[in-house]
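What follows is one structure encoded as C-alpha cells, with my remarks underneath.
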Amino acid sequence: MSRHSDTEPDWDKMRDQVIGLGKLSLRKNHYALLRDHVYELERFRELLDCCEELILIARKDDGRIVDANGGACRALAYTREELLSMTLDMLWSEYTQAKNLGFANLNTLGQDAEVAFRHKDGQRLILEGSLSQQMADGLVLVAVVARDVTERKKADADLRDSESRFRSLTQMGADWYWEQDAEFRFTNQTGGGRYFEYFSPSDPIGKTRWEMGYWGPAEDFWETHRQMLERHEPYRGLELRRLGIDGEVRTVIVSGEPVFDESGQFTGYRGVGTDITQSKQAEALIWRQANFDPLTDLPNRRMFHDRLLQEIKKVNRGGNHLVLLFIDLDHFKEVNDAFGHAAGDLLLTEAAARIAGCVREVDTVARLGGDEFTVLISGLNDINCIERIVQDILSQLAKPFCLSNEVVLISGSIGITFYPRDAQDVDELLRNADQAMYVAKNEGRNRFSYFTPALQEQVQKRIRLINDLRGALAGGQMRVYFQAIVDLSNGQIYKAEALLRWLHPLRGMVSPAEFIPLAEETRLIIEIGDWVFNESAAWVKRWRTHFMAHLQVSVNQSPVQFAKNNSNDQWLAYLHDQGLPGEAIVIEITESLLLDSDAEVKASLLKFRGQGVQIAIDDFGTGYSSLSYLKKFSIDYLKIDQSFIRNLAPGSSDMALTEAIIVMAHKLGLKVIAEGVETIEQRDLLIGAGCDFAQGYLFSKPVPPEEFELLIQAGLKSYD
Ligand SMILES: Nc1nc2c(ncn2[C@@H]2O[C@H](COP(=O)(O)OP(=O)(O)OP(=O)(O)O)[C@@H](O)[C@H]2O)c(=O)[nH]1
C-alpha cells in the first residue's frame with residue numbers, strides 16, 4: 001500500500017483509475033515522471049469519457065472487462081462499476097465463438113467490423129468499429145472501439161425496404177415514376193409495365209414530354225402547360241394521348257410536382273403516370289351501348305332525347321324551326337312472322353340506312369325501338385322542303401328489300417310536328433309526332449300526316465276520355481243493353497246480344513265505337529268485359545228461369561281479353577257458380593282473332609265449346625273471310641255484317657254475297673245471323689236466302705234489360 005499526503009495524489013486510487021495497463025506497470029519510485037503521466041492520463045481519460053464512441057477493454061482469455069469509457073456506459077446503460085464486474089460475452093454473445101475462431105468471422109481484426117451487443121434493457125445494439133489485441137504485463141487484452149449505429153442501420157434498412165417496395169410496386173403495376181431536370185427533360189423513368197413497348201423509341205430519357213408525340217385536350221395545350229411548368233406549379237391528372245406503334249391511340253394520366261434542392265433552387269419535376277387506355281375504351285364502349293342502338297348503329301331513344309333537348313334549346317335561343325318526324329314501318333310484324341326475326345333485323349338495318357340517306361349529316365336519325373324511327377331536322381329556313389324529305393323517305397321505304405333469298409315490300413307511316421308551333425317541350429313534341437303518325441296509319445298507311453290543332457283537340461279529348469273511362473265502371477256508368485235476335489222462320493226471339501253502353505255523367509251516351517278501342521288500348525276492357533259477362537249471365541239466368549228456357553245471350557270478347565290467360569276459365573267458373581249451362585252463352589269474336597291465332601286461342605275456344613258455349617264470328621265479310629278457319633275452329637254462327645244488309649236488293653252484289661255466305665255456312669254446318677236488319681224487305685230477302693236469324697231495329701233496338709224482359713213477355717209486335 002502507498003502512503004500519501006494531501007498534496008500528493010492517492011497513488012493506489014489513481015493506479016486503479018489508470019486505463020488498463022497502469023496498475024500492472026506502476027512503479028512508485030518513478031513518481032515525478034509518473035505524476036506527469038497521471039495528469040496526462042487524467043485528461044486523456046476525461047476525453048475518452050466524453051467521446052461518443054464506446055471503448056471496452058477486456059481480457060482475451062476469459063473476457064473479463066477491465067476498463068470501459070463513458071461512451072460505453074451511456075450506450076449500454078451500465079455504470080462503469082457494473083461493466084467492470086461483467087465479461088465481454090455478457091454483452092456480446094458471440095464473443096467466445098469469435099475469439100475461438102481467432103476473430104476470423106469478423107471482417108478483419110483491427111478494421112471496421114459490425115457486431116451485435118446487448119443493451120442493459122435487452123435490446124440489440126449494432127456496433128461498428130474495430131477490435132484490437134494488446135499485450136500488457138503478459139496478458140492479452142482485447143480492445144473494442146466502436147460506434148452505436150443501430151439507429152442509422154435501422155434507417156438504412158427502412159430506406160432500402162421502402163425503395164425495394166416502391167421498385168417492386170412500380171415494376172408490377174402499369175403506373176410509372178418519372179423525373180425531369182430543370183429543362184423538363186426526362187432523367188429517370190421506372191415501371192410502366194408494357195406501356196412503353198407501344199412506342200418507338202420507348203426510352204424517353206433526354207426528351208421533353210412534348211418531344212415524344214403526346215397531345216393534350218386543346219390545340220394550345222403545350223403552350224399553356226409549359227407556362228405552368230415555368231412557374232414551377234404542381235399538376236394533377238393531366239390527360240394526354242399518344243399514337244402507339246400498333247396504330248391505337250393510348251391515353252395516359254400524368255401528375256407531377258416541382259423539386260427544389262436544399263438551397264431552394266428548382267431542379268426539375270418528378271411525378272407519376274398511368275395508362276388509362278383500357279378504362280377509356282371501356283368507358284367509350286359503355287357510353288356507346290347506353291346511347292346507340294346496337295342493331296342499326298343509330299342513336300337510341302336516350303341519345304335522341306338529349307339531342308332533341310339541345311335542339312329545342314337552340315330554337316329557344318332564336319334558332320330556326322325544328323321538325324320532328326316519327327316513322328313507323330307498316331305491318332312490320334308480318335315480316336318477322338313470315339321470314340323470321342333475323343330477316344326482320346336485316347330489314348330494320350336497311351330501313352335505317354335508307355332513312356339516314358334522305359337527310360343531311362347534321363340531322364339526327366334515331367331508332368326509338370321496334371320499327372319506330374325518328375328524324376330531327378333543325379335549322380330549316382324553308383319548312384316547305386319537309387314534304388319533299390318525307391316523300392323521299394316514303395319512296396325509299398317502299399322500294400323492295402332484299403333479305404337473303406327473299407324480296408320484301410313494306411311501307412312506312414310518318415307523323416310530322418314542328419317546334420315551337422305544335423308543342424312546348426320534348427315529351428309533348430314526341431307525343432304529338434306519334435299521334436300524327438297514327439293518323440297516317442289510320443288513313444291507310446304509306447303516307448304522312450301533320451300534327452294539327454284539330455288533331456291536338458282530338459288527342460286531348462282522347463286523353464280525357466281515357467281518364468274518365470278509368471272511373472266509369474266503379475262509378476256505375478256502364479250499362480249492358482240487350483238486342484233481340486229473332487228466328488227468321490217464326491219471328492220469335494231466340495237469342496239476344498249483350499251490348500255495352502257508357503252513360504257518361506256529362507257527355508251522355510258515349511258511342512261504343514268511340515270508347516271500346518280506348519278500353520282495348522288501355523286494357524281496361526278486361527275488367528269491363530268480365531263485368532259485362534257477369535251481368536249478362538245473371539240476366540240470362542233470370543230469363544231462362546222465368547220466361548224462355550232456351551234463351552241464349554251472346555257476349556263479345558275482344559282479342560285483348562283472349563290474350564289474358566285465365567279470362568275464359570274465370571267465365572266458365574262463373575257460369576258454373578250460377579248453375580247455368582254453357583248453352584246459355586254464345587261468345588262473339590272477330591275474324592282477326594282467328595287470323596292471328598295461335599295454339600292458345602284454339603285451346604281456349606275448344607275449352608268453351610267443351611262446356612257447351614257456342615262461338616259466333618262477328619262482322620263476317622268485312623275482313624279476310626277465310627273459310628278454312630271456320631272449320632278449323634268449329635265455329636257455330638256467322639254474323640253477316642250490316643254493311644251487306646244495308647244495301648240488300650234483289651240482284652245486287654250484296655245480295656249475291658249474302659246468299660253465297662249463307663249457302664257456304666250451311667254447307668259447313670254453321671247457322672247465319674244477319675245484322676242491322678231495318679226493313680221488312682231486307683227481312684224477306686234474308687228469309688228467301690235461307691238466313692237463320694236476324695237482329696236489327698226492325699225487331700228491336702238494343703234496350704236496357706228491364707225493357708228486354710218486357711219484350712220477351714210481350715212477343716215482338718213488329719213481326720207480322
Ligand atoms: N326483327 C325485329 N323485330 C322487332 C325488333 N323489335 C321489335 N320488333 C318487332 O316489331 C314489331 C312491331 O310491330 P308494330 O309496329 O307494333 O306493328 P306492325 O306490324 O308494324 O303494324 P303497324 O305498325 O300497325 O303497321 C313487333 O312484332 C315486334 O316484335 C327487333 O329488334 N328486331
Practice item. For residue 180, enumerate residues with amide H under 5 Å from its amide H, sequence gap 5+ or separate chain, H modeled in the peptide plane. Key: 187, 269, 270
Review point. In vacuo Debye scattering of the range 296-451, one point per C-alpha: log10 I(q)/I(0) at q = 0.13, 0.19 Å⁻¹?
Key: -0.55, -1.14
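What's the Cα-based Rg to Rh of the chain, Rh via Kirkwood? Please list the in-between numbers first.
Details: Rg = 53.3 Å, Rh = 37.4 Å.
Across the chain, the Cα-based Rg/Rh ratio is 1.42.
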Review point. If the viscosity is 1.567 mPa s and the temperature 4 °C, what Stokes-Einstein diffusion coefficient in µm²/s follows for the range 167-281 when Rh is the Kirkwood radius over Cα pairs?
Key: 89 µm²/s
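Given N residues in the range 504-551, what is its alpha carbon radius of gyration divided by 2.2 N^0.38 Å?
Ratio of Cα Rg to 2.2 N^0.38 Å: 1.52.
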Exercise for review: Using only the Cα atoms of the range 308-388, each taken as one equal point scatterer with no solvent, compute I(q) by the Debye sum, divide by I(0), and report log10 of the ratio at q = 0.17 Å⁻¹.
Suggested key: -0.73
Study note, to complete from the structure: For residue 159 and residue 114, extending 7 Å from Cα along the Cα-Cβ vector and measuring point to point gives, in nm, a value of 1.3 nm
Check your understanding: What nm distance separates the two modelled labels at residue 291 and residue 94, each placed 7 Å from Cα along Cα→Cβ?
Key -> 6.8 nm
Review point. In nm, what is the difference between 0.36 nm times the number of residues separating residue 631 and residue 602 and their Cα-Cα distance?
Key: 9.3 nm
Practice item. Give the Kirkwood hydrodynamic radius (Å, one decimal) of the range 395-484, defined as one over the mean of 1/r across all pairs of different Cα atoms. Key: 16.1 Å
Study note, to complete from the structure: In the range 331-416, the GluC sites (Glu not before Pro) that sit in a DSSP loop and have at most 14 other Cβ atoms within 10 Å of their own Cβ are 361
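Hull surface divided by four, with the convex hull built on the Cα atoms of the range 605-720: how many nm²?
For the range 605-720, averaging the hull's shadow over all directions gives 8.2 nm².
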Check your understanding: For the range 510-668, with the dipole built from +1 on Lys and Arg beta-carbon atoms and -1 on Asp and Glu ones, taken about the Cα centre, which of 653, 537, 550 lies farthest toward the positive end?
Key -> 550
Review point. What FRET efficiency comes out for the pair residue 218/residue 391, r = Cβ-Cβ distance, R0 = 41 Å, nearest 0.05?
Key: 0.40
Point to revise | Under 5 Å, built H, 5+ apart or other chain: amide partners of residue 64 | key: 59, 88
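Which pairs in the list 60/153; 602/631; 441/631; 639/667; 495/541 are over 22 Å apart, alpha-carbon to alpha-carbon?
60/153; 441/631
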Exercise for review: Could you please put 215, 92 in sequence from largest to smallest accessible area, using a 1.4 Å probe?
Suggested key: 215, 92
Practice item. Round to the nearest 10 and report in Å² the accessible area of residue 663, as given by a 1.4 Å probe over the protein chains' heavy atoms. Key: 90 Å²
Practice item. Note down the net charge around residue 572, summing +1 for each Lys or Arg and -1 for each Asp or Glu among other residues with Cβ under 12 Å from its Cβ. Key: 0
Study note, to complete from the structure: Given a 1.4 Å probe, the accessible area of the range 167-281 per residue, as a whole number of Å², is 56 Å²
Exercise for review: Show the residues, 5+ positions off or on another chain, whose built amide H is closer than 5 Å to the amide H of residue 149.
Suggested key: 126, 127, 128
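Just to confirm, what accessible area per residue do you get for the range 296-451 at 1.4 Å probe, in whole Å²?
On the way: 7290 Å² over 156 residues.
Per-residue value: 47 Å².
Run lengths n ≥ 4 of DSSP H only: what is the helix-derived mean residue ellipticity at 222 nm for the chain, with -39500 (n - 2.57) per run over all residues, to the nearest 500?
Details: 27 runs with 305 residues, N = 720.
That comes out to -13000 deg cm²/dmol.
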Review point. What percent does the relative contact order of the chain come to when contacts are Cα pairs within less than 8 Å and at least six residues apart?
Key: 6 percent
Study note, to complete from the structure: With DSSP loop assignment and no more than 16 other C-beta atoms within 10 Å, the trypsin sites (Lys or Arg not before Pro) in the range 308-376 are 317, 360
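How big, in percent, is the set of alpha carbon pairs in the range 216-334 lying more than 22 Å apart?
On the way: 4459 of 7021 pairs.
The share of Cα pairs beyond 22 Å in the range 216-334 comes to 64 percent.
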**Study point:** R0 of 35 Å, Cβ-Cβ distance residue 231-residue 190: FRET efficiency to nearest 0.05
**Key:** 0.85
Check your understanding: Tell me, in nm to one decimal, what length is gained between residue 652 and residue 442 on full extension, where the rule is 0.36 nm per residue of separation less the Cα-Cα distance?
Key -> 72.6 nm
Point to revise | Counting DSSP beta bridges with both ends in the chain, the antiparallel % (nearest 5) | key: 80 percent
Review point. Given labels modelled 7 Å from the Cα in the Cβ direction, how far is it in nm from residue 570 to residue 169?
Key: 6.6 nm
Point to revise | Rounded percent of accessible protein surface that carbon and sulfur make up, the chain, 1.4 Å probe | key: 51 percent
Practice item. For the range 418-426, just list the computed ³J(HN,Hα) in residue order, Karplus coefficients 6.51, -1.76 and 1.60, θ = phi - 60°, integers in Hz, with x standing in for Gly and Pro. Key: 10, 10, x, 4, 9, 7, 9, 8, 4
Practice item. Could you point to the residue in 353, 310, 435 farthest towards the positive end of the range 296-451's charge dipole, with +1 and -1 charges on the Cβ of Lys/Arg and Asp/Glu respectively? Key: 310
Check your understanding: Residues with beta-carbon under 15 Å from that of residue 456, excluding residue 456: net charge, scoring Lys, Arg +1 and Asp, Glu -1?
Key -> -1
Revision key, fill the gap. With the label point 7 Å along the Cα-to-beta-carbon line of residue 345 and a cut-off under 14 Å to each amide N, the hits in the range 388-427 are 404
Study note, to complete from the structure: Sequence order, the range 493-501: Karplus ³J(HN,Hα) from phi using 6.51 cos²θ - 1.76 cosθ + 1.60, θ = phi - 60°, Hz rounded, Gly and Pro as x, gives 5, 10, 9, 8, 9, 7, 10, 7, 10
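The values are calculated or read from the model by the stated rules, or taken from the named source; none is laboratory data. Every value quoted in this text rests on a predicted model; they were computed, and no experiment measured them. Virtual Cβ from ideal backbone geometry, glycine too; neighbours counted across all protein chains shown. Surface accessibility is based on the protein's heavy atoms, side chains included, excluding ligands, DNA and RNA. Shrake-Rupley method; radii C 1.70, N 1.55, O 1.52, S 1.80 Å.
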